[in-house]
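Visitor: Structure below; questions to follow.
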């Protein structure tokens, strides 16, 4: 039983940012009066532990899952805009016909906004975009405002109840000078 609980406890300690002392070792805490140890400029970075590698794999899997879910959300919205069946294939000609799309009250995130902005998404005719009550923040706004964005015709953008702040809105205004932003 302890063999099963020990790795779980170690993972929780590391993920929670708590100090970790290996089993069977004496841990010391630095006193407030002692100076921090000096960095050795020639020292190699410490090798990743098994827990760090596992955490990195979990992060990579979660990021890939979010990207897949966001692409599915966007594709479903495009199909709905074009009155296509749920299993219809989406090509460049279908995507280029979309001029308005609402993602209001959906789970669209910064990752989804970045996917919308990709030139490969093919939404070059999109003029009206509603992101109201989504999880899009300044990072998503920066993706929409990137110089290589695929959203070339955007004239209306709704950002009510999003996480987009003044910096994100300013970046979009700079990229699309005549855009109407509703916040």
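Derivation of every value follows stated rules applied to the coordinates shown; laboratory data play no part. As the structure is a computational prediction, the values presented were derived from the model and not from experiment. So basically every Cβ, Gly included, is an ideal-geometry build from the backbone, and we count neighbours across all protein chains shown.
Visitor: Which value in Å does the Kirkwood hydrodynamic radius of the stretch 55-182 take, with 1/r averaged over all unlike C-alpha pairs and then inverted?
Guide: 14.7
Visitor: Mean separation of Cα pairs under 8 Å and 6+ residues apart, divided by the residue count of the stretch 55-182: what relative contact order is that in percent?
Guide: Value for the stretch 55-182: 21 percent.
Visitor: So if we plug the beta-carbon distance of residue 120 and residue 52 into 1/(1 + (r/R0)^6) with R0 = 25 Å, what FRET efficiency do we get, rounded to 0.05?
Guide: 0.15
Visitor: Measure off 7 Å from each Cα along the Cα-to-Cβ vector at residue 93 and residue 180, then give the distance between these two points in nanometres to one decimal.
Guide: 3.2
Visitor: Full extension from residue 59 to residue 156: what is 0.36 nm times the residue separation minus their Cα-Cα distance, to one decimal in nm?
Guide: Answer, rounded to one decimal: 31.5 nm.
Visitor: For a label point 7 Å from the Cα of residue 69 along Cα→C-beta, name the residues of the stretch 101-115 whose backbone N is under 17 Å from it.
Guide: 104-115
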